[in-house]
1. Would you check which residues across region 108-136 are more than 15 Å from Leu21 (Cβ to Cβ) and of a type in the set (Lys, Arg) and list them?
2. For region 1-38, give me the residue count where each residue is charged (D, E, K, R), touching a helix residue (DSSP H, G or I) at 6+ places or on another chain (Cβ under 7 Å) and without any contact (Cβ under 8 Å) to a residue 40 or more places away in the chain.
3. Could you check region 91-135 and list, in sequence order, the residues that are more than 28 Å from Gly26 (Cα to Cα), among the β-branched types (Val, Ile, Thr) and touching a helix residue (DSSP H, G or I) at 6+ places or on another chain (Cβ under 6 Å)?
4. Just the residues that are without any contact (Cβ under 8 Å) to a residue 12 or more places away in the chain and in a helix (DSSP H, G or I), please, taken from region 161-173.
5. Working only within region 110-133, note down all residues that are aliphatic (A, V, I, L, M) and either buried (at least 16 other Cβ atoms within 10 Å of the Cβ) or in contact (Cβ under 8 Å) with a residue 60 or more places away in the chain (or both).
6. In region 1-90, which helices (runs of 4 or more DSSP H) lie fully inside it and hold 3 or more residues that are in contact with a Pro (Cβ under 8 Å, 6 or more places away or on another chain) and not acidic (Asp, Glu)?
Amino acid sequence: MDFQGAVTSIQEFLERGGPVLTYIMGLTFVLWAFILERLAYFGFAYKGDRNRVLKEWGARSDHHSRRAHAIRDQLISEVKAKAEQNVELIKTLVAVAPLFGLLGTVTGMVSVFDVMAISGSSDARAMSAGVARATIPTMAGMVAALSGLLFSNQIERLAKQRVHELTDELEVD
């Protein structure tokens with residue numbers, strides 16, 4: 001694959017979509033960075049956190065006092081906080097992506113109306129750049145949101161499941 005050609009194609013696509021498309025691209029990169037971070041956490045780091053908590057709880061001789069219950073709740077809370085870290089941020093980015101697409105739609109339509117006002121007609125060729133600026137960001141925002149939505153729901157479900165399993169493992173006899 002020609003790297004220079006790929007970069008040129010991306011630049012042309014971003015120019016056709018207007019300035020809002022660059023923001024959507026940045027938002028998508030940030031969204032996927034957080035999604036990949038969460039997947040890496042559950043793939044590699046969660047097991048260490050879980051084992052640390054189980055080892056710490058297992059080392060206690062007292063599992064029935066109020067203090068033991070408070071320590072157990074604290075251990076579960078620490079793992080829950082780590083498991084749910086950035087999940088709300090991912091969900092927020094998923095919700096914001098279509099709004100950026102809508103912003104691109106509005107700015108593209110404004111350019112269409114500007115062409116119509118300047119030319120005094122509804123020449124399709126003159127308006128095509130504005131129509132592209134209206135539709136491409138909408139599509140990009142929806143694609144970013146849909147792809148992120150699938151993974152954000154999966155990550156949220158995974159976090160709840162892992163915390164629930166850990167809570168069950170730390171149940172007092």
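Every read-out reported here was derived from the displayed coordinates using simple, explicitly stated rules and does not represent laboratory data. Because the structure is predicted, anything quoted here is derived from the model rather than measured. Because the Cβ atoms are built from the backbone with ideal geometry, glycine has one as well, and the counts that use them run over all protein chains shown.
1. Arg125, the sole residue that qualifies.
2. Residues flagged as charged (D, E, K, R), touching a helix residue (DSSP H, G or I) at 6+ places or on another chain (Cβ under 7 Å) and without any contact (Cβ under 8 Å) to a residue 40 or more places away in the chain within region 1-38 amount to 0.
3. The initial filter retains those residues of region 91-135 that are more than 28 Å from Gly26 (Cα to Cα), namely 115-126.
Keeping just the survivors that are among the β-branched types (Val, Ile, Thr) gives 115, 118.
Hit for region 91-135 is Val115, nothing else.
4. The answer is Gln161, His164, Glu165, Asp168.
5. Result: Val112, Val115, Met127, Ala129, Ala132.
6. On the way: elements: 3-17, 19-40, 46-58, 66-83.
The helices (runs of 4 or more DSSP H) meeting that bar are 19-40.
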